[in-house]
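The structure appears below as structure tokens.
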There are 4 protein chains.
Amino acid sequence: MQKKITTTITARGYELDSYGHLNNAVYLNYFEHARWEFFRTLDLYRIIAAFDHLPVVTDVHIRYQREIRLFDELIIESFCIQEKPYLVFRQKINNKTTGVTAARATTKLIFLDKNKIAIDVPAEIGEMIQQ
Amino acid sequence: MQKKITTTITARGYELDSYGHLNNAVYLNYFEHARWEFFRTLDLYRIIAAFDHLPVVTDVHIRYQREIRLFDELIIESFCIQEKPYLVFRQKINNKTTGVTAARATTKLIFLDKNKIAIDVPAEIGEMIQQ
Amino acid sequence: MQKKITTTITARGYELDSYGHLNNAVYLNYFEHARWEFFRTLDLYRIIAAFDHLPVVTDVHIRYQREIRLFDELIIESFCIQEKPYLVFRQKINNKTTGVTAARATTKLIFLDKNKIAIDVPAEIGEMIQQ
Amino acid sequence: MQKKITTTITARGYELDSYGHLNNAVYLNYFEHARWEFFRTLDLYRIIAAFDHLPVVTDVHIRYQREIRLFDELIIESFCIQEKPYLVFRQKINNKTTGVTAARATTKLIFLDKNKIAIDVPAEIGEMIQQ
């Protein structure tokens, strides 16, 4: 069974753009934040640090479905699967009040070893995300 | 023939992340900046304002190929085509010194009229990008 | 008696700079976010919108006292006084766990009317912040 | 005689806020960028790295005088003096077209040695900024 981690966030005033809604790049920040939370919740940073591995983003695909406005309360859902040699995150941002999905993202990461050579997803991490 | 607009940019110190290279979201900022320059060079803002149309990003897909480091000089190439009802940008960031491509992006935009109803790419804009 | 509004925040991964701690500009973002929350809590946006006034920042002074690290939990305290013609915010960011102050800020705002002429702090706002 | 370094910058679309002009925090980014350029131009990073010193910002004071709008061309002037134990930058952002100053900043930095103990401005750096 896949782990699902949820992260809550409230849209902030300084994140708005000249159209008065959340700037495109901020969605990417939110998805990144939720991935840090995913790693943190499963204690994956400890594993990464122990093996001197470096996760690197190779692909981001975001579909924007609804605008996000000031003070909107959001829930980000993050799933994660292995598609060798990648770790693939599937995430969505839902408006907490309306339940409507504002954006979806698929993000691929690859792991580099200490010589910056691409390697498979470390086995310990593969296990953690499937427990 | 398609219009190709090039934009030059130098990576800045405050754009680096905790790994010491350019943060993922900053690439998205760079691509967005180059699209503003594209619109500006072709004087498309005048057309958009005249018709009260609003271009909205619906899809961003970025492939990260090389890291970008402090003070790297970059050239962003931007092409633009119509795929009804979308306006689709294909862009890449090249390292000016090495010639190597650091990232590619495909971005879809849709136009909204003043009632926020999706419409086809306005004819005047379709013409401008193909002259 | 002065109103004190507190805002809680957790430092995020994408906010770190190349030294691995929170970038200087992000402190300014946090202080701005807390001022938006202050306005929101006292329902000042309603007053500002009704009178077509625009609050504009004229001065920011930040003293950085401690670094902020990934996932640090922070409490921002915001006070606000009138020093005619300015509205002056005094804010600090405290580490929730250690109680230590990480930064202090003094921010001056002036109000512009619909013709962009500087005016005194609107009386309704002056009253709200002192109740 | 003091070194004066000038840095040119053009305001970008993604840097605008919900009022349609440059967000407050972006000014701070611009000033920081100009300080990186100052260090780079005088080759101070080489000295800092050689001695394992870390410059840390302790104070930022920005006075906002004019709004900055999309595509405004700006010139940032940066001076630097020693006020022991600090290195103090005095900077301003001028609009290249109108010559009007949009903002001024005073920023204090202190140097930390490899044990994170505050030290005086390293003599080599003191000399470089006064040549």
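The values are calculated or read from the model by the stated rules, or taken from the named source; none is laboratory data. All figures in this text were calculated on a predicted structure; none of them were measured in a lab. Cβ atoms come from the backbone with ideal geometry, glycine included; neighbour counts cover every protein chain shown.
Take residues that are among the aliphatic types (A, V, I, L, M) and within 14 Å of chain A (Cβ to nearest Cβ) and tell me which of the strands (runs of 3 or more DSSP E) falling wholly in segment C:1-110 contain 1 or more.
On the way: elements: C:4-10, C:54-64, C:73-83, C:86-95.
In segment C:1-110, the matching strands (runs of 3 or more DSSP E) lie at C:4-10, C:54-64, C:73-83.
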Considering each residue of segment C:52-83, count those that are surrounded by 15 or more Cβ atoms within 10 Å (Cβ to Cβ), in contact with a Lys or Arg (Cβ under 6 Å, 6 or more places away or on another chain) and under 19 Å from residue C:127 (Cα atoms), and give that number.
1
Identify, please: which residue in segment A:79-131 is free of Cβ contacts under 8 Å to residues at least 40 places away in the same chain and β-branched (Val, Ile, Thr) and is, among those, farthest from residue B:58 (Cα to Cα)?
A:117
Residue hits (segment A:111-131; within 21 Å of residue A:36 (Cβ to Cβ), of a type in the set (A, V, I, L, M, F, W, C) and either assigned to a helix (DSSP H, G or I) or touching a helix residue (DSSP H, G or I) at 6+ places or on another chain (Cβ under 6 Å) (or both)) are A:125, A:128
Could you go through segment D:99-113 and let me know if any residue there is among the aromatic types (Phe, Trp, Tyr), surrounded by fewer than 18 Cβ atoms within 10 Å (Cβ to Cβ) and over 20 Å from residue D:12 (Cβ atoms).
no
Any residue in segment C:21-48 that's at positive phi: show its pairings with residues that are crowded, with 19+ Cβ neighbours inside 10 Å and not in a helix (DSSP H, G or I) at Cβ separation under 6 Å, as long as the two are six or more apart or on different chains.
none
Per the filter on segment B:17-36, residues more than 21 Å from residue A:62 (Cα to Cα) and in contact with an Asp or Glu (Cβ under 6 Å, 6 or more places away or on another chain) are B:21
Run residue C:76 past the list (1) touching a residue at least 60 places away in the same chain (Cβ under 8 Å); (2) over 14 Å from the mean Cα position of the chain (by Cα) and report the number of the one that doesn't hold.
(2)
Residue hits (segment B:90-131; within 18 Å of residue B:28 (Cβ to Cβ) and touching a Lys or Arg at 6+ places or on another chain (Cβ under 6 Å)) are B:92, B:101, B:102, B:104, B:106
Output for segment A:32-56, where each listed residue is aliphatic (A, V, I, L, M) and at pLDDT below 95
A:42, A:44, A:47, A:48, A:49, A:50, A:54, A:56
Out of segment C:58-92, which residues are under 14 Å from residue C:8 (Cα atoms) and touching a helix residue (DSSP H, G or I) at 6+ places or on another chain (Cβ under 6 Å)?
C:76, C:78, C:91
